[in-house]
Each structure stands twice: as structure tokens, then as C-alpha cells.
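Remarks on the structure that follows.
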Amino acid sequence: MLLEVRDLYVEFRTRDGVAKAVNGVSYSVDAGETLAVLGESGSGKSVTAQAVMGILDTPPGRVSGGEVLFRGRDLLALKEDARRTVRGAEMAMIFQDALSALNPVLTVGDQLGEMFVVHRGMSKKAARARAVELMDRVRIPAAAERVGQYPHQFSGGMRQRIMIAMAMALEPALIIADEPTTALDVTVQAQVMELLAELRRELGMGLILITHDLGVVADVADRIAVMYAGRIVETAPVHDIYKAPAHPYTRGLLDSIPRLDHKGRELYAIKGLPPNLTAIPPGCPFHPRCPRARDVCRTDLPPLYRVSQDRRSACHFWEETVDASSA
Ligand SMILES: Nc1ncnc2c1ncn2[C@@H]1O[C@H](COP(=O)(O)OP(=O)(O)OP(=O)(O)O)[C@@H](O)[C@H]1O
Ligand code: SF4
Ligand SMILES: [Mg+2]
């Protein structure tokens with residue numbers, strides 16, 4: 001297994017108390033596999049990814065438990081300089097906002113080239129040539145002419161391509177893309193997503209794709225992990241989730257996206273708000289919003305039940321949820 005996150009806990013010290021952002025998350029990604037991580041704002045998708053990458057904001061954040069095994073080695077046990085070597089060369093991250101992730105006072109050629117100078121000991125000239133190659137590869141037109149331009153001189157979609165180029169420069173085994181297309185308009189979104197999927201295939205990388213958008217996931221992901229209040233509530237191969245979700249929260253997310261085959265059906269919204277992470281409700285954290293909740297849900301935290309060999313659901317009533325979904 002390329003990456004295995006085991007029972008990860010992350011908390012933040014805040015003025016209102018300890019915010020429990022990640023509460024026992026386990027997931028894994030293999031080489032060549034795409035895992036989509038889904039969930040509402042504040043569910044802990046990014047914080048989990050930051051802990052994996054070793055870029056958590058500490059303090060106020062703190063990993064309070066768990067393991068992050070990368071090729072069998074626990075990254076959480078590494079010293080910062082060893083961690084830094086892993087970052088970039090073996091795993092890289094793509095962020096939503098390229099403009100703030102890229103350095104505004106360096107040309108894109110210098111930023112791309114720096115990867116090769118620092119990690120591969122190349123000369124500046126050779127590194128620049130590699131930068132142009134990379135820009136070509138992510139299909140930036142007239143790369144040789146544009147290599148000397150600054151990030152603000154590129155459109156949003158082109159900047160996102162530059163960030164993808166940076167991330168894959170050293171051909172890492174794993175890429176984490178955190179809402180990589182959210183800031184772009186719809187047509188550009190599709191192009192960037194396609195590019196990412198294509199490069200992943202070509203390079204055989206593992207990809208973790210964090211997104212709000214269940215719509216894009218169907219085409220690119222192999223597996224889905226749905227997060228709620230810092231926990232994984234359902235994980236399954238992508239087609240299983242679309243066919244019949246085994247958790248009412250997943251059901252709610254699916255019903256809240258417009259789908260062609262659901263034409264005419266009224267668009268649904270999950271009622272209520274995600275919980276305050278300094279005071280997560282007892283029992284099933286989703287119970288205040290769940291249409292299926294009953295007494296046991298208010299007292300007993302559901303474990304991740306085994307639905308089938310490669311499916312889990314943290315719902316006491318996953319069976320009836322699947323049945324209702326397949327009906
Ligand atoms: N720097 C921070 N300081 C304090 N609390 C934080 C910090 N970063 C994250 N948190 C807490 O962790 C929770 C989870 O944040 P996270 O960024 O992982 O959410 P997310 O699922 O990525 O949401 P979004 O879809 O909005 O990006 C937040 O709701 C917040 O309570
Ligand atoms: S355990 Fe209960 S409250 Fe939680 S999702 Fe299942 S039915 Fe709803
Ligand atoms: Mg996020």
C-alpha cells in the first residue's frame with residue numbers, strides 16, 4: 001500500500017476550547033488509485049491532508065494520535081528535515097488557490113526550475129529547460145515564451161496548470177489535490193480535472209482528490225471516502241456509492257446534486273448545519289440532522305460497520321439505508 005492513514009486524530013486549541021477536527025480517520029491509497037474525499041465544509045478533509053503532508057498549522061493544531069504510513073514508514077515519526085525530503089519528491093499537494101500558493105515575485109520558470117535545482121542538483125539552465133518541458137506537458141501554450149512570466153500574468157486555469165506542473169515535477173508517487181478546480185469556472189474546471197486524471201494515469205501515481213463536488217468524482221475516482229465531523233462515515237468503490245449509499249449522510253449529499261437521471265425530482269438539501277467541533281453531539285454525530293435517527297443514535301457512536309468486503313458505513317441502520325436506496 002502506498003499510503004495508509006491509521007486512526008488519525010487532529011485537534012486545534014481555540015478560544016472556545018479544543019476543536020476536534022479529525023477523530024480517528026483511516027484511509028488508504030494505492031499506486032495508480034484515485035481516492036476522492038468528500039464532505040461538507042469543516043468536515044476535516046483538508047486538515048487530514050495537511051497532517052499527511054506534514055504541513056499542519058502547529059500550533060494551534062496538533063496530531064494527537066494515529067499513524068501516517070507512506071510505503072510502510074510512519075511519517076509522523078520523522079524529523080522535519082526528513083519530512084521535507086519526502087514532500088515534493090515523493091508526495092506533493094495541489095491547492096485550490098494557485099495565486100496564493102505560487103510565489104508572486106518569482107517567474108513561473110524559476111519556481112518550476114527550483115524544484116530541479118534543489119532536489120536534483122541541476123544547473124539553472126538545465127532546470128529552466130525542464131520547466132519549459134513541464135509547462136508543455138500541462139499544455140500551457142507557448143511555454144518557451146511564457147516561462148519568464150510571473151504568476152499574475154496567467155489566467156486562473158493556466159495558473160492551476162502551473163501548480164499541477166510543480167506538483168508532478170519530481171514525479172512523486174502520491175499527489176493530494178485539495179479542491180483543485182473549485183476556484184475555476186465550469187468549463188475550465190473540466191479541462192483541469194481531465195489533465196489531472198490523465199497525468200495520474202500516465203505516471204501511475206496515487207491521487208487523493210478532495211472535493212465538495214460529487215458530480216466530478218464519478219468520472220475520475222476509484223473509491224470514495226465520505227467525511228462528517230472529522231470521521232469517515234462511509235467508504236466504498238465509487239459505483240457502489242452512486243448505486244446505493246449505505247449512510248444517510250451520503251444519501252443526502254447525493255440527493256443534493258442535480259443529476260440528469262433524476263430530472264424532475266426536487267433538489268434536496270440536508271437540513272441543519274455541521275456540528276461545532278468543540279462540542280460534537282454524543283452518539284452518532286449526524287443524529288441531529290438525520291432523517292433516520294432514533295434513540296440508539298443519540299447515545300451510541302456507530303462503528304464503521306462492514307457492509308461488504310470493500311465497503312464500510314458508520315450507521316447503525318446501514319442495511320435499511322442500502323435497501324431504501326436500491327428500492
Ligand atoms: N488553523 C486552524 N485553527 C483552528 N482551527 C482550525 C484550523 N484549521 C482547521 N481548523 C478546524 O478544523 C476544522 C476542519 O477544517 P478543514 O479545513 O479540514 O475542513 P474541510 O473539510 O477541508 O472544509 P472545506 O470544504 O471548507 O475546505 C474546521 O472546521 C476548524 O474547526
Ligand atoms: S446511526 Fe442513526 S443518526 Fe447516525 S446516520 Fe445512522 S440512522 Fe442516522
Ligand atoms: Mg478544505
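The values are calculated or read from the model by the stated rules, or taken from the named source; none is laboratory data. The structure displayed is predicted, hence computed values, not measured ones. Every residue, glycine among them, receives a Cβ derived from its backbone with ideal geometry; neighbour counts consider all protein chains shown. In case anyone asks, the SASA skips ligands and DNA or RNA and just uses the protein heavy atoms, side chains included. Shrake-Rupley method; radii C 1.70, N 1.55, O 1.52, S 1.80 Å.
Expressed as a whole percent, the accessible surface of the chain that belongs to carbon and sulfur atoms is 51, based on a 1.4 Å probe.
Database remark: amide H of ALA225 closer than 5 angstrom to the amide H of ALA36, VAL37, LEU38 (H placed geometrically; neighbours at sequence offset of 5 or more, or on other chains; Pro and chain starts carry no H). Can you say what percent of the DSSP beta bridges in the chain, counting only those with both residues inside, are antiparallel? Round to 5. The antiparallel fraction comes to roughly 60 percent. In this rough spin-label picture, where each label sits 7 Å from Cα along the Cβ direction, the GLU171-SER256 distance is 4.1 nm.
I want the local charge near LEU106. Using Cβ-Cβ distances under 15 Å, sum +1 for each Lys or Arg and -1 for each Asp or Glu among the other residues.
For residues surrounding LEU106, the net value is +2.
Given +1 at the Cβ of Lys and Arg, -1 at the Cβ of Asp and Glu and no other charges, the dipole of the range 189-261 around its Cα centre is 240 debye to the nearest 20.
Applying 1/(1 + (r/R0)^6) with R0 = 22 Å to the Cβ-Cβ distance of ALA82 and ALA31 gives a FRET efficiency near 0.55.
Given the Cα-Cα distance of ALA126 and ASP74 and 0.36 nm per residue of separation, how much length would full extension add, in nm? Between ALA126 and ASP74, full extension yields 15.3 nm more.
Once you reduce the range 81-97 and the range 102-146 to the center of their Cα atoms, the two points are 17 Å from each other.
Solvent-accessible area per residue for the range 182-327 at a 1.4 Å probe radius, Å²? The answer is 50 Å² per residue. Counting only protein heavy atoms and a 1.4 Å probe, the range 1-149 has 49 square angstrom of accessible area per residue. Local charge for PRO291 was computed over the other residues whose Cβ lies under 9 Å away, with Lys and Arg +1 and Asp and Glu -1, and equals +4. Taking amide H as placed 1.01 Å from N in the peptide plane, the amide H of ARG231 sits under 5 Å from that of ASN23, each at least 5 places away or on another chain. Our estimate of slack between ALA327 and THR299, defined as 0.36 nm per intervening residue step minus the Cα-Cα distance, is 7.2 nm. Hey, for a label at GLU145 modelled as a point 7 Å past Cα toward Cβ, could you say which residues of the range 76-115 have their backbone N under 15 Å away? Flagged as within label range: none.
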